[in-house]
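Scroll down for the structure; my scribbles are underneath it.
The values are calculated or read from the model by the stated rules, or taken from the named source; none is laboratory data. What you see is a predicted model, and the numbers here were worked out from it, not measured in a lab. Reconstructed Cβ throughout: ideal geometry from the backbone, glycine too, with neighbour counts over all protein chains shown. The protein model used for the area step is the full one, side chains on, heavy atoms only, and it has no ligands, DNA or RNA in it. Shrake-Rupley method; radii C 1.70, N 1.55, O 1.52, S 1.80 Å.
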Amino acid sequence: MSTFTITALNGVSYAFILFLLAAGFSLTFGVMGVLNLAHGALYVLGAYFGLAVIAQLDQFWLGVVIAALGTGLLGLGIYYLFLRHLYDKVPEQAVLTIGLGYAIANIILWVWGPFAKMGMTPSAFTGVVRVGTLAFPIYRLVIIVIGLLVLALLWWMQDKTRVGAIIRAGMDNKEMTRSLGINYGVVSTLVFLFGAALAGFAGILGTPILGAYPSMGDALVLLTLMVVVVGGTGFIQGTMLGALIIGLLDTFGKAYVPSVALFTSYVIFIVVLLVRPSGLIGRKVF
Amino acid sequence: MATRPVDLLLGRLMRKAVAAPPVAAEGSRALALFKAWLPALVILLLLLVLPSFVPSYIQSLVTKMMIFALFGVSMNILWGYGGIPTFGHAAFFGFGGYVCGILIIHGGIANFWVNLVLVMVITALLGAGLGIPAFRVYGVGASDNPIYFLLVTLAFGELLVRVAISARSLTGGSTGLSGIPYPDLGIGVSINSYSYYFLVLGIVAVCLLVIYRIVNSHYGYALRGIHDNERRMQALGFNTWLYKYTSYIIAGMFGGVAGCLFAYFGGTMVPNNMGMAMTDIVFLIVILGSASVYFGPVIGAVIVVGVDYLASMYMPERWPLIMAAIIVVVIMFIPQGVGVLLLDLWRKVFHGSAA
Amino acid sequence: MAALLEVSGLSVHFGGLAAVKDVTFSIEPGERLVMIGPNGAGKTTLFNLLTGQLKPSGGKVLFKGQDITHKPVYARTQLGMARSFQITSLFPNETVLTNALIALQGTRGGRYRMFGVFTRDKVLRSAAQELLESIDLWDKRSETVSSLAYGETRKLEMGLSLASSPDLLMLDEPSCGLTPTESKDITERINTLGKKITVLMISHDMDLAFGVAERIILLHFGEISCEGTCDEIRANQTVKDIYMGSHKASTAGG
Ligand SMILES: Nc1ncnc2c1ncn2[C@@H]1O[C@H](COP(=O)(O)OP(=O)(O)O)[C@@H](O)[C@H]1O
Ligand SMILES: [Mg+2]
């Protein structure tokens, strides 16, 4: 029973890391229709860059902000220089961003070496919470809280703000948005910046739990795709749902049936793509 | 036969003597054929004599180029001709290689020809199996967003990577399957890297010829039609699903042959040969060389494998950066590929006009 | 005589919008039936249901006595249906000749042949010559379709739908966007088709409609609003109210 509870808590905190990882991708892919397969590499870059900044400044939260800004600016560059010109050319977007992902991984390898890193938990959040005989790391709870805050922010942006409305209108009908005198170009560039920044943010926050190594982006971008596609494209709630499904499934799978855990997520992913490509609670965006 | 509607449409208004369509006189047609095939013949001859003049590392480089040329051309059946954006073509390449290696190492099948046929059959079966779910998410061609098909095929490749990692006893796990010997042709000649070059040349040449015939056949033109306008093809009576599905199998099968040749070539097969990175490389080969030109991927393979080789000599650590740079340049600046440019140049030089 | 096409209770809706509602009619062999109706009435949608591009949410389609409601598009063509598209739908990157060759290949044997050079298939080529001469495009055979004039693409559009020697020819606004002279040409061509081919045509162009039709159906908001001979339709008050007005407006507009 107690191991079950711990596994469940681990699964939920892992799900929130997945949510943070996938949220930015969900914005740019599910809402704007741009496929950025370098997203995993941006997460890893956020982790390494953030750790370096924290080591320099000895300030955890400032490091987090700088890491997010840095990856955000890189993402902005990728969108502004390349992806913006490849609208409707999905295979080309994929080829290009896969290549850029490997390039980013290579740069990380170049600058920081091939060794895996484990992020430090900020000193305020070290230690565990005890309930009876169970001990649960505080930092994992912090991740859950931050994940919930990001979810709330994105949900609010999506449903209540002008930006959300513009993006939704832009997805449905670009011409109409343009004729309303809204600069879809500027809005989409900013959304892309935000999406990439979220990847870096997730990277530095997730490192104390998941660790990081240069070629990690491959596995992460696949996880991201699974989360976004399974949950549903076009809504942030879908991404949360997908993250919970994949996160819990993976954690419980590894704990109880390790031999098949490697494949369960893939099988779910493929089944959802076949049965309901717009995801469990998504809308048809493509 | 009943009167055809076109006759009725012609009516009495404008009945003309229906002349046989112009077919060039036999002599000049043979000449035209010869001219069209001249470059291929010249290249074939050059490749035949090449090993006598170059050091063995160049010979081995060219072997690799030929294998990747077949890999690229096989993928282009889908992308260039059918317009189907598969992101899991490397799965067939790697799978073919693994099947080849496993058959030799665990199956005890030494004979090259038996092995090749088995690889073709088994990869075709893989294609037949994966194609059914894959084409469930692929709507009517270019009019639909191909994104889900792209993701499904990507997932298949990565799933196979995971399978290869975990089926350690068969595949050697994440370090890969090694110790694949040079093939045994069953004619008492032992194969080394020199004779393997000629074996690859022969197999690749035959495969390229067969694929060339396929894409110019009735079937091939139906595939082109599907690329251009699938909705119209259906309205014209073509079962477009069956064309796409079979082309997926055919492309996979030739991709498997390339993988099989690659397994013998390097002696090892690693899981990533089936994954995203390899798929990206083959896509680059096709786009760089021109998806719209039959020999485009051959040019792409020569460039990409060549640059890879140079990079491995001078800056082996920076290959991903170089590859990303090539991808950016190709996709942003020469999206039509260098094959188109070369073809135009060829026509300008030899026919006095660019077409 | 048994009807060639029998449609009963056919409906489809897109979200809340019922684009085709409970449509029932039939066509006799050799008949010329024209469907009119204002823009957005659901005419093209009805065609898409009949040819299988769309799945109906209710109703039934019988062709030559067979229930084809759930048959795929290509199978209906094999049975003897053919259609043209309102929005020209050709193979833009191929030559006129190749367009004809591909179209002719659709309902012939050897569609799956993997060896043999397609563009040199003698049987197909002579059929293509006939087809292209019949629509005055033989002289343009080596031109790429994307370089043709608009009027020529409309001719080819109709030509491709004739390639399968259909029993039922369905034309979706064949004169769409053409000048009056070109449109007259089309009328003449349809009238020389002969009674072996049954024609179901959508037309916005009243001259073309009256020039071809033996019977006219008016579709309005997805429903059959009235039906009759040309004279009856001309005299019908509903038609005058809901169609003629918008027809005049749309011709004036463009
Ligand atoms: N695929 C579709 N999805 C949603 N609405 C559609 C679709 N196709 C047609 N419609 C709508 O159905 C109605 C009928 O359209 P259509 O059949 O093209 O009219 P017509 O050909 O008579 O001008 C229109 O309101 C159109 O907007
Ligand atoms: Mg219409």
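Some observations on this one:
- Residue in the range C:65-78 that is more than 16 Å from ligand 2 (Cβ to nearest atom), in a strand (DSSP E or B) and outside the structural domain of C:L104 (by TED's automatic domain parsing) present: yes
- Unmet criterion (only one of (1) part of a helix (DSSP H, G or I); (2) within 9 Å of chain B (Cβ to nearest Cβ); (3) within 16 Å of ligand 2 (Cβ to nearest atom)) for C:F85: (1)
- The lone exception for C:K60 - which of (1) more than 22 Å from C:L162 (Cα to Cα); (2) within 16 Å of ligand 2 (Cβ to nearest atom) it fails: (2)
- Residues in the range A:269-279 that are buried (at least 16 other Cβ atoms within 10 Å of the Cβ) and either of a type in the set (G, A, S) or at pLDDT 75 or above (or both): A:F269, A:I270, A:V272, A:L273, A:S278, A:G279.
- The range C:100-131, residues that are within 7 Å of chain B (Cβ to nearest Cβ), surrounded by fewer than 21 Cβ atoms within 10 Å (Cβ to Cβ) and either small (G, A, S) or in contact (Cβ under 8 Å) with a residue 60 or more places away in the chain (or both): C:G110, C:G116, C:S126
So that you can scan it fast, the table gives a plain yes or no per residue for (1) open to solvent by less than 30 Å² (accessible area, probe 1.4 Å); (2) not acidic (D, E):
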site	(1), (2)
B:S178	no, yes
B:D184	no, no
B:S190	no, yes
B:Y196	yes, yes
B:L199	yes, yes
B:G202	no, yes
B:L223	yes, yes
B:R231	no, yes
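- All of (1) within 14 Å of chain B (Cβ to nearest Cβ); (2) touching a residue at least 12 places away in the same chain (Cβ under 8 Å); (3) in a loop (DSSP other than H, G, I, E, B) hold for A:D88 with one exception: (2).
For every residue, the table says whether it meets (1) aromatic (F, W, Y); (2) within 23 Å of B:Y196 (Cα to Cα); (3) surrounded by 24 or more Cβ atoms within 10 Å (Cβ to Cβ).
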| position | (1), (2), (3) |
| --- | --- |
| B:T246 | no, no, no |
| B:I249 | no, no, no |
| B:G256 | no, yes, yes |
| B:C260 | no, yes, yes |
| B:G266 | no, yes, no |
| B:M274 | no, no, yes |
| B:I285 | no, no, yes |
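- Each residue in the range A:237-268 was checked for being away from every other protein chain (no Cβ under 14 Å) and open to solvent by 10 Å² or more (accessible area, probe 1.4 Å), and 11 of them qualify.
- Selection count where residues are more than 11 Å from C:G222 (Cα to Cα) and either at pLDDT 95 or above or away from ligand 1 (no atom under 13 Å from the Cβ) (or both), scope the range C:3-33: 17
- Subset of the range A:209-236 [farther than 16 Å from A:G40 by Cβ and open to solvent by 20 Å² or more (accessible area, probe 1.4 Å)]: A:I209, A:F235
- Among residues of the range C:34-53 that are at negative phi and more than 8 Å from ligand 1 (Cβ to nearest atom), those with a beta-carbon under 6 Å from a residue that is assigned to a loop (DSSP other than H, G, I, E, B) and among the polar types (S, T, N, Q) at least six positions away or on a different chain give the pairs C:V34/C:S203.
- Selection count where residues are closer than 23 Å to C:P166 by Cα and either outside any strand (DSSP E or B) or open to solvent by less than 40 Å² (accessible area, probe 1.4 Å) (or both), scope the range C:211-231: 6
- Within the option set A:I204, A:I245, being at pLDDT 90 or above, in a helix (DSSP H, G or I) and over 13 Å from the mean Cα position of the chain (by Cα) holds for one residue only, A:I245.
- Here is the figure for the range C:137-169: residues that are more than 16 Å from ligand 2 (Cβ to nearest atom), of a type outside the set (A, V, I, L, M, F, W, C) and within 22 Å of C:K196 (Cβ to Cβ) total 6.
- Boolean, C:N39 is closer than 21 Å to C:I217 by Cα, within 12 Å of chain B (Cβ to nearest Cβ), within 16 Å of ligand 2 (Cβ to nearest atom) and open to solvent by 10 Å² or more (accessible area, probe 1.4 Å): no
- Failed condition for A:D159, given (1) of a type in the set (D, E); (2) assigned to a helix (DSSP H, G or I); (3) open to solvent by 70 Å² or more (accessible area, probe 1.4 Å); (4) within 14 Å of chain B (Cβ to nearest Cβ): (4)
- Test: residue in the range C:170-181 that is more than 13 Å from the chain's Cα centre (by Cα) and within 16 Å of ligand 2 (Cβ to nearest atom): yes
- Criterion (among the aliphatic types (A, V, I, L, M), open to solvent by less than 10 Å² (accessible area, probe 1.4 Å) and not in a helix (DSSP H, G or I)) met by exactly one of B:I84, B:I77: B:I84
- Residues that are of a type in the set (D, E, K, R) and surrounded by 23 or more Cβ atoms within 10 Å (Cβ to Cβ), drawn from the range C:158-177: C:D172
- Flag if C:G80 is of a type outside the set (S, T, Y) and more than 11 Å from ligand 1 (Cβ to nearest atom): yes
- Selected residue (criterion: nearest to C:L62 (Cα to Cα)) from residues of the range C:11-32 that are within 16 Å of ligand 2 (Cβ to nearest atom) and in contact (Cβ under 8 Å) with a residue 40 or more places away in the chain: C:V23
- Residue match in the range B:182-202 (condition: closer than 30 Å to A:G33 by Cα and β-branched (V, I, T)): no
- Test: residue in the range A:75-82 that is open to solvent by 70 Å² or more (accessible area, probe 1.4 Å) and farther than 21 Å from B:G83 by Cβ: yes
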